[in-house]
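Chemist: Can you read through this structure? Questions will come right after.
The values are calculated or read from the model by the stated rules, or taken from the named source; none is laboratory data. Note that the structure is predicted; figures quoted are calculated from it, not measured. Cβ: placed from backbone, ideal geometry, glycine included. Neighbour counts: every protein chain shown. Accessible surface areas use protein heavy atoms only, side chains included; no ligands, DNA or RNA. Shrake-Rupley method; radii C 1.70, N 1.55, O 1.52, S 1.80 Å.
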Amino acid sequence: MSADLESILRPVDNPMPPFPAKHVTIASGEEMVIRQVTRDEIPDILPHVAPLIYVERDFYDVVAARVYSELLSYYRYRIQDAYVLVAQIDGELCAVVNGRMATPEVGMSLHTLAMRRGLRIGAHAFAAKMEYHMDIMGQQEVLIVAESPIGFRRWMIEYNLEKRFDVPHELGGVPSWALTKELFDRARATLVVGRRPVPEELLEKAHAAILPPSDPPTPPEDLLAATRSQYDSTGTALILQRWRQEGKV
Amino acid sequence: MRSVYVIGIGITSFTRLEYPLSEIAAYPAMMAMKDAGRKEIDHLYVANMGSGRVNHQTGLASAVVDTLSLTPAGAEAIENGPASGASAIKTGYMAVASGVHDVVMVTGAERMREVNNLEATEFVATLTHPLAEYIYGVTLPSLAAMFTRLYMEKYGVTERHLAMVAVKNQNNALKNEFAHLQQEISIEGILDSPEAMTNNPYVAEPLRFFDCCPVSDGGACVILASEEVARKVERPLVRLAGVGQATDTHAVHEREEPTDLLAVRRAAAKSFEMAGLAPSDVDVAELHDAFTILEIVESEEVGFFPKGEGHLALERGETAIGGTLPINPSGGLKGRGHPVGATGIAQAHEIVHQLRGDAGERQVKDAKVGFTCNFGGFGNNVVCLTFVRGN
């Protein structure tokens, strides 16, 4: 591809202030760092997103496929005014959130992908993303959609989002919901937490390496279990018992 | 009366299950038959609270007995709110002890996540007094919160004590592969850190998110049999030695002393009396901690600790695995989950594991006597069971 054509295809980003890293103590007592990643770090994240494309529950497959595409697009300059934040505990990748500055006033929330479930890890990362749009970029509202019922509970219900159904969202053209400045200010005290600056030691660990998630969502190991208990968190509860009774484990 | 033994046990994961309710009841039953090495069952009891309302399925026992290909064995469903499981075990006990049947299967199941959390909470609230409580919007979390507030004022229990129960039980659940909650929590994360109020917000003050059990799907099963049958089964003998049940006023405000759970006290006393044992004989217990406060109060009412001192025993670590009287090593309702109709049977399932000595990482050393308390309504219908290892 000629350099000239690449300069046409590659969007020119508008200036966006950086997201200042913060840290949150999660329910386990662990310290989670939420920080912005650079383009150069995207190849370190992609291998941890790819396996989730095959997790057919809670819309992990759809979200992971889209996130993979968005991260790759960001890495290879095919999306404009985008950013990526990650949540890490001791370097371990726990969540990825991303979005776009659609206009100087309006943000476009793209995805929240939690690699470690529960303990509000995804919710804290999402809150940081909203903080970036509202407080750091100074935008007036953020357009949001949810693929999964869990996302709907976390965003639409917890933040009491307004309907913007006349505006198709960039994700599939579905009706948008909006977080306005007023709604964000109402949620600020209860949902948007974290401290700055991040202690140097924590930040260094986060920057040193993006480590693989220790307990990512996985498809059930056993096909029988997959068909009969796809939401079984152990994946193979019944199989396990059978194995145990047969002395296999 | 004849002695009654548990010869087989089975359980599903307690989580969100996507298969039909009758199969949630049938799978643990199949596991229990495999565990017992026996397919011949004289009678089936199915414990369930909400199939008609939540799953639009009635006649559940007929569905389950056919799913298991156990026809023409007799089958019926037992409904006693969240104590349905232990009530069904009690009914099975009577069937075997009386000599009417030799082998009885008791399976419990609930599929609560077919509806959303609000509907599930509303469904459980229908067990409150329809005219004195329900119509005013009372839910179980709100009743428990009022109860907790009174208990705190009277006995000095604090939110830290409640958090200690939550941490203990949820972290016990990490040792139980069938438990609903598989995330470690800490006092720092849910109580002390600047982010604690977001991590662990109030649901009904003073009860917070981590003080409440999750809404779970799940099933559990035990097979009860006469001594003659039990001796032919290649499993360690576990005898159901005591069964006690008691009731209290339907409306909580009608109780003379609302911080007393008299039905728990009386049901436990009956169970111990039948077993010829005392609370001090118990090595391991599963108590109905739908809310963290309930573990503390039940531990007093059943006689493990003096009234008003359960939280002190908790502080001393006596109720932890490795303590003098471990409570809820399975994770309890708080960590293992609470599919209401299955809960009482899951409690028995855990105690049988403990008494057989095969509870793995959560094994209580040399457990010989186990106890369960299954709490129906808000303490208005309680069933307690006492199990012993061997004869």
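Chemist: Which one of B:ALA77, A:PRO168, B:PRO141 is farthest out on the positive end of the charge dipole of the protein assembly as shown, using unit charges on Cβ (Lys, Arg +1; Asp, Glu -1) and the Cα centre as origin?
Modeler: B:ALA77
Chemist: For B:ILE321, A:ILE144, write out the residues from largest to smallest accessible area, computed with a 1.4 angstrom probe and no ligands counted.
Modeler: B:ILE321, A:ILE144
Chemist: Just for the Cα atoms in the protein assembly as shown, what are the lengths along the principal axes, largest first, rounded to whole Å?
Modeler: 93, 53, 47
Chemist: What whole-number value in Å² describes the accessible area per residue of the protein assembly as shown for a 1.4 Å probe?
Modeler: 38
Chemist: Okay, next question. Each residue of region B:261-270 in turn: what ³J(HN,Hα) in whole Hz from Karplus with 6.51, -1.76, 1.60 and θ = phi - 60°, glycine and Pro shown as x?
Modeler: 10, 5, 5, 5, 4, 6, 5, 5, 4, 5
Chemist: Nothing charged except the Cβ atoms of Lys and Arg (+1) and of Asp and Glu (-1): what's the magnitude of the dipole of chain B about its Cα centre? Round to the nearest 20 debye.
Modeler: Approximately 840 debye in magnitude.
Chemist: Related question: What residues of region B:186-200 lose no less than 40 Å² of accessible area with every protein chain in place versus their chain by itself (probe 1.4 Å, heavy atoms only)?
Modeler: Listed by number, the residues meeting the 40 Å² cut-off are B:GLU195, B:THR198, B:ASN199.
Chemist: Moving to a separate point now. Work out from phi, with θ = phi - 60° and the Karplus expression 6.51 cos²θ - 1.76 cosθ + 1.60, the ³J(HN,Hα) of each residue of region B:107-113, listed in order in whole Hz, and give x for Gly and Pro.
Modeler: The phi angles translate into 10, x, 7, 8, 10, 7, 7 Hz.
Chemist: Calculated FRET efficiency, A:SER69 and B:LYS154, Cβ-Cβ r, R0 45 Å, to nearest 0.05?
Modeler: That pair, A:SER69 with B:LYS154, gives E of 0.15.
Chemist: Still on this structure, please answer the following. Suppose every Lys and Arg Cβ carries +1 and every Asp and Glu Cβ carries -1, with no other charges. What dipole size does region A:10-143 come out with about its Cα centre, to the nearest 20 debye?
Modeler: 220
Chemist: Right, another one. Compute the accessible area of each residue in region B:4-52 twice, once for its chain alone and once with every protein chain present, using a 1.4 Å probe on heavy atoms, and list those whose area falls by at least 30 Å².
Modeler: In region B:4-52, residues shielded by partner chains: B:SER13, B:THR15, B:ARG16, B:GLU18, B:TYR19, B:TYR27, B:MET31, B:LYS34.
Chemist: May I ask you to derive the relative contact order of chain A, considering only C-alpha pairs under 8 Å and at least 6 residues apart, and to give it as an integer percent?
Modeler: The normalised contact order for chain A reaches 20 percent.
Chemist: Which order do peptides A:170-179, B:28-37, B:151-160 fall in by mean Cβ count within 10 Å, highest first?
Modeler: B:28-37, A:170-179, B:151-160
Chemist: Let me ask something else about it. Return the sequence-ordered ³J(HN,Hα) values of region B:246-254 in whole Hz as given by the Karplus equation 6.51 cos²θ - 1.76 cosθ + 1.60 applied to θ = phi - 60°, using x for Gly and Pro.
Modeler: 8, 10, 9, 4, 5, 7, 5, 5, 7
Chemist: How far apart, in nanometres, would the label points at B:THR126 and B:THR58 be if each is projected 7 angstrom from Cα along the Cα-to-Cβ direction?
Modeler: Result: 1.1 nm between the two label points.
Chemist: If the limit is 21 Å between Cα atoms, which of B:LYS39/B:LYS368; B:LYS90/B:LYS168; B:LYS270/B:LYS307; B:LYS34/B:LYS270; B:LYS34/B:LYS334 go over it?
Modeler: Long pairs (Cα-Cα over 21 Å): B:LYS39/B:LYS368; B:LYS90/B:LYS168; B:LYS34/B:LYS270; B:LYS34/B:LYS334.
Chemist: Heavy atoms only, 1.4 Å probe, whole protein assembly: order A:PHE19, A:PHE152 by accessible area, highest first.
Modeler: Largest accessible area first, the residues go A:PHE152, A:PHE19.
Chemist: Next question. Going by average Cβ neighbours within 10 Å, how do the peptides B:44-52, B:109-117 rank, with the highest at the top?
Modeler: B:44-52, B:109-117
Chemist: Right, next: On a 0 to 90 degree scale, rounded to 10, what angle separates helix B:140-155 from the longest Cα axis of chain B?
Modeler: Between the helix axis and the principal axis of chain B, the angle is about 60 degrees.
Chemist: Continuing with this model, one more query. Please give the FRET efficiency for B:GLU205 paired with A:ILE136, using the beta carbon to beta carbon distance and R0 = 35 Å, rounded to the nearest 0.05.
Modeler: Computed FRET efficiency for B:GLU205 and A:ILE136: 0.55.
Chemist: Something else: Please give the FRET efficiency for B:GLU254 paired with A:ARG186, using the beta carbon to beta carbon distance and R0 = 35 Å, rounded to the nearest 0.05.
Modeler: In this case the efficiency is close to 0.30.
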